[in-house]
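The values are calculated or read from the model by the stated rules, or taken from the named source; none is laboratory data. Please read all numbers here as calculations on a predicted model, not as lab measurements. Note that we place each Cβ from the backbone using ideal geometry, even for glycine, and neighbour counts take in every protein chain shown. Heads up: the accessible areas ignore ligands, DNA and RNA and are worked out on the full protein's heavy atoms, side chains in. Shrake-Rupley method; radii C 1.70, N 1.55, O 1.52, S 1.80 Å.
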Amino acid sequence: MNDVPRPREVVLDGGGIPLSGLLAEPRDGLPPRALVVAVHGGGMRAGYFHGLAHPGQSLLDIGARLGLAVLAVDRPGYGLSAARLPEGQNLAEQSVTLRAAIGRFAASYAPGAGIFVLAHSYGGKVALSAAAEPDGLDLLGLDISGCGHRYAADVGGMTQSTGRSMWKLNWGVLSLYPPDSFRRSRSLVAPVPRRESAEAHTWPERFPAIAARVRVPVRFTFAEHEHWWLRDEAAIATLTASLGSARVVVDHLPRAGHNISLGWAARSYHLRALAFLEECLIDREQTLPNVRAGQSQDEVLTRH
């Protein structure tokens, strides 16, 4: 039996741009321990994190049961904002819009101990860009899946790719997903806005400067059947070394494809991601006494 309320639809103010989303909250009106903001990838929508093909897979349900508020946001150019932004926004613009939306929501919602961003694929790029210039957001950490820094696929040739090759990149092996996944996922799929796809090839060049400014803890997850990104030892070493964070973790998830949160491995991934949030909460508790004693949080994190 589901012991948490069903997620409700919400509208966020992204600096004058309305963003639709789904909000799941702890049961019995309890205040959330923290706010998890979930940011979807290209060609998906906020419902990606509330997959219902198999019970117990939804990030929104799992988070609410653990006393967290989970806010899944439709990125600019998706959902409610698609009519206003038919060509979407580029990465820098999305970062500004998302920061504004999260900041305004948090100001009126009281997000507990802070904000934890969980992002997938292109959403990971937006999350890293936003964390590089947080503009006052009280970020606890980032958890990113399906996003690296060097492509294994020919991004420049994606427009000429066949349905079969795109299927392999986005989904992987059919058996990785519950039987009803693809029928139930139809409402989650959306066209990738032109401005978003047009600059995808620039990410490897832009990543180092963005990553160097990220200071909060970051966790990356790569699926066993991930085909978009290089994830060999050398690539992982460069990825982790590029971050300005005090702590960077890389995990490899077995029996999973690129769209992790819709597959059989979804529950495993979501629990691992929220376990990382718990670690970030411990880090916050340990640093706050030092901050109160007169040290800046940047000084504390640098010495951590």
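For the criterion of being farther than 26 Å from ALA132 by Cα and open to solvent by 50 Å² or more (accessible area, probe 1.4 Å), GLU233 fails.
Scanning the stretch 130-150 for residues that are small (Gly, Ala, Ser) and within 16 Å of GLY42 (Cα to Cα) turns up SER145, GLY146, GLY148.
Just wondering, is there one or more residues in the stretch 265-272 that are in contact (Cβ under 8 Å) with a residue 24 or more places away in the chain, under 19 Å from the mean Cα position of the chain (by Cα), part of a loop (DSSP other than H, G, I, E, B) and farther than 22 Å from GLY156 by Cβ? Yes, the conditions are met somewhere in the stretch 265-272. Yes or no: the stretch 213-227 includes at least one residue that is open to solvent by less than 20 Å² (accessible area, probe 1.4 Å), more than 26 Å from ALA266 (Cα to Cα) and touching a residue at least 24 places away in the same chain (Cβ under 8 Å). Yes, there is a match, as at least one residue in the stretch 213-227 is open to solvent by less than 20 Å² (accessible area, probe 1.4 Å), more than 26 Å from ALA266 (Cα to Cα) and touching a residue at least 24 places away in the same chain (Cβ under 8 Å).
Scanning the stretch 228-238 for residues that are in a helix (DSSP H, G or I) and touching a residue at least 40 places away in the same chain (Cβ under 8 Å) gives ALA235, THR238. Condition check for ALA92 on (1) in contact with a Lys or Arg (Cβ under 8 Å, 6 or more places away or on another chain); (2) under 27 Å from GLU205 (Cβ atoms): one failure, at (1).
Residues of the stretch 14-36 that are out of contact with any strand residue (DSSP E or B) (no Cβ under 8 Å at 6 or more places or on another chain) and of a type in the set (D, E, K, R): ARG27, ASP28.
So, in the stretch 9-57, exactly how many residues are free of Cβ contacts under 8 Å to residues at least 24 places away in the same chain and within 30 Å of SER197 (Cα to Cα)? The total comes to 2.
Table: residues versus (1) more than 28 Å from PHE49 (Cα to Cα); (2) open to solvent by 10 Å² or more (accessible area, probe 1.4 Å); (3) at pLDDT 95 or above; (4) touching a strand residue (DSSP E or B) at 6+ places or on another chain (Cβ under 6 Å).
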position	(1), (2), (3), (4)
ILE260	no, no, yes, yes
ASP283	no, yes, no, no
PRO289	yes, yes, no, no
ASP298	yes, yes, no, no
LEU301	yes, yes, no, no
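Among the residues of the stretch 262-280, not one is buried (at least 23 other Cβ atoms within 10 Å of the Cβ) and of a type in the set (Asp, Glu).
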